[in-house]
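A.B. asks: My questions all concern the structure below.
The values are calculated or read from the model by the stated rules, or taken from the named source; none is laboratory data. What you see is a predicted model; the values in this text were computed from it and never measured. Cβ placement follows ideal geometry from the backbone for every residue including glycine, while neighbour counts extend to all protein chains displayed.
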Amino acid sequence: MAKKAPLISQRADTMQASPLRKLAATAEVRKKKGVHVYHLNIGQPDLPTHPDFFKAARAYKPKTIAYAPSTGLEAPREAWSTYYKKSGINFNAEDIIITSGGSEGIIFALEAVCDVGDEVLVFEPFYTNYNSFASLTGVKLKPVTLDIKDGFHLPSDKEIKSKITKRTKAILVCNPSNPTGTIFTKQEMKRLVSIAKQKNLFVLSDEVYREFAFEHKHTSIMDFPEIRQQAIVLDSASKRFNVCGARVGVVASKNKEVMAAVFKMAMARLSVASIDQEALVPMLKDPKKYTKDMVKEFKKRREIVYNGLKKIPGITFSKPEGAFYIIIGLPVKDADHFATWMIKTFHDKKETVLLAPAEGFYATKGKGKQEVRLAFMLKEKDLKRSLELLAMALEKYKG
Ligand SMILES: Cc1ncc(COP(=O)(O)O)c(C=O)c1O
């Protein structure tokens with residue numbers, strides 16, 4: 001008898017598949033049947049990348065495409081430092097390591113501060129891939145649940161501290177937040193800083209949506225000098241410069257031991273694509289020129305989404321303060337079932353909408369069951385139509 005193949009690892013077995021793509025296959029089937037699908041499920045901006053990116057990529061003509069230094073090429077690293085200084089954050093080139101997207105940076109940072117089994121506090125709902133990064137690194141995420149009724153702002157210090165144990169090494173905070181669109185105020189960030197100081201924790205601050213701040217200015221973890229040695233900024237060019245496929249992010253910190261640890265990991269994966277690093281230099285040197293119009297466009301879309309949602313009876317939401325996402329509470333028992341029905345069965349004039357059920361953004365079982373996340377990645381007319389379809393579907397749905 002033929003032997004069975006050996007089993008895959010438990011880590012791989014228990015790792016989540018991205019819930020964002022869960023319904024994508026069904027959407028493709030539907031499209032083949034001639035139904036137009038509006039994608040409100042995924043955070044890929046629909047706007048064209050600025051031509052200066054391509055110009056810089058073409059202008060980069062080394063004799064050999066060699067490995068870049070593991071920390072990042074010199075000019076791009078300097079350009080990242082310029083970007084930070086222009087954003088009011090005092091990082092020098094040596095405080096920065098360029099990574100393959102923000103994603104790799106998050107993994108490196110978790111590995112740099114945590115051993116297997118250590119815990120990291122996160123505020124749920126959170127960017128769903130944090131779950132996968134935690135699986136990869138053997139880190140346990142300890143969720144502090146935020147409430148849709150409070151606009152997903154922080155609960156009391158007491159509640160946050162109640163989740164901290166002897167194994168807790170860090171607080172991971174995403175500000176502005178994907179998936180809620182919440183911006184934690186300076187006061188809230190100060191509270192986190194105090195807790196981290198008191199409990200001697202690192203703060204991993206995911207600031208990839210820094211520029212997308214519509215209500216009040218975004219507060220960086222680096223705005224608090226008292227936490228500098230415990231602060232690690234996780235960042236990415238993907239969204240702010242609309243270059244998601246370029247795969248360039250950074251880990252930045254004033255803590256030399258942390259950066260030396262991240263450097264070891266960076267050395268093991270050799271380097272980040274040199275062309276992508278170089279192509280970003282003009283954007284990093286003059287960030288406002290490239291982010292201004294993007295931010296304006298998403299601010300406009302936020303108004304459209306907000307005004308459209310106001311017309312739908314029975315749903316719960318707060319106006320997003322930043323990023324380009326919103327979580328809404330639906331008047332249904334099971335938002336996953338509703339989203340599946342919507343993409344599989346529902347249509348109006350051969351059009352439907354793909355939503356992201358919010359359960360995958362929570363670590364606590366059963367949370368987010370009645371919520372979905374919308375990403376405003378469509379143009380005005382399509383956004384309005386999508387919300388109209390959502391309203392119709394909610395009226396028709398008998399879940
Ligand atoms: C909050 C947050 N952090 C990190 C990332 C990772 O981005 P990338 O790997 O494209 O830089 C994303 C991407 O959607 C995100 O939303």
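A.B. asks: Within region 211-248, can you find the residues that are under 12 Å from the mean Cα position of the chain (by Cα) and either hydroxyl-bearing (Ser, Thr, Tyr) or within 16 Å of LEU172 (Cβ to Cβ) (or both)?
C.D. replies: LEU234, ASP235, SER236, SER238
A.B. asks: Also: Would region 308-323 turn up any residue that is farther than 23 Å from LYS367 by Cα and in a helix (DSSP H, G or I)?
C.D. replies: Yes, because at least one residue in region 308-323 is farther than 23 Å from LYS367 by Cα and in a helix (DSSP H, G or I).
A.B. asks: Can you tell me how many residues in region 174-204 are of a type outside the set (S, T, N, Q) and assigned to a loop (DSSP other than H, G, I, E, B)? Give the derivation first.
C.D. replies: Filtering region 174-204 down to residues of a type outside the set (S, T, N, Q) leaves 174, 176, 179, 181, 183-184, 186, 188-193, 195-197, 199, 201-204.
Those still in the list that are assigned to a loop (DSSP other than H, G, I, E, B) too: 176, 179, 181, 183-184, 201.
Total satisfying the criteria: 6.
A.B. asks: Select from region 1-44 the residues that are assigned to a loop (DSSP other than H, G, I, E, B), over 22 Å from CYS244 (Cα atoms) and β-branched (Val, Ile, Thr) and list them in ascending order.
C.D. replies: Of everything in region 1-44, those that are assigned to a loop (DSSP other than H, G, I, E, B), over 22 Å from CYS244 (Cα atoms) and β-branched (Val, Ile, Thr) turn out to be ILE8, VAL35.
Conditions tested, residue by residue: (1) within 16 Å of the ligand (Cβ to nearest atom); (2) surrounded by fewer than 24 Cβ atoms within 10 Å (Cβ to Cβ).
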position	(1), (2)
ILE97	yes, no
SER100	yes, yes
PHE108	yes, no
GLY117	no, yes
VAL120	yes, no
PHE123	yes, no
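A.B. asks: Quick one: in region 169-209, which of the residues that are away from the ligand (no atom under 16 Å from the Cβ) and small (Gly, Ala, Ser) is farthest from the chain's Cα centre (by Cα)?
C.D. replies: Among those residues, the one meeting the criterion is SER194.
A.B. asks: Picking from LYS142, LYS186, LYS217, LYS149, which residue would you name as being outside the structural domain of LYS369 (by TED's automatic domain parsing) and touching an Asp or Glu at 6+ places or on another chain (Cβ under 6 Å)? Let's see the steps before the verdict.
C.D. replies: Values: LYS186 fails: touching an Asp or Glu at 6+ places or on another chain (Cβ under 6 Å); LYS217 fails: touching an Asp or Glu at 6+ places or on another chain (Cβ under 6 Å); LYS149 fails: touching an Asp or Glu at 6+ places or on another chain (Cβ under 6 Å).
The conditions single out LYS142.
A.B. asks: Take region 227-242 and flag every residue that is touching an Asp or Glu at 6+ places or on another chain (Cβ under 8 Å) and near the ligand (Cβ under 9 Å from one of its atoms). Walk me through how you get there before you give the answer.
C.D. replies: Initially, region 227-242 is screened for residues touching an Asp or Glu at 6+ places or on another chain (Cβ under 8 Å), giving 233-235, 240.
Listed by number, the residues that qualify are LEU234, ASP235.
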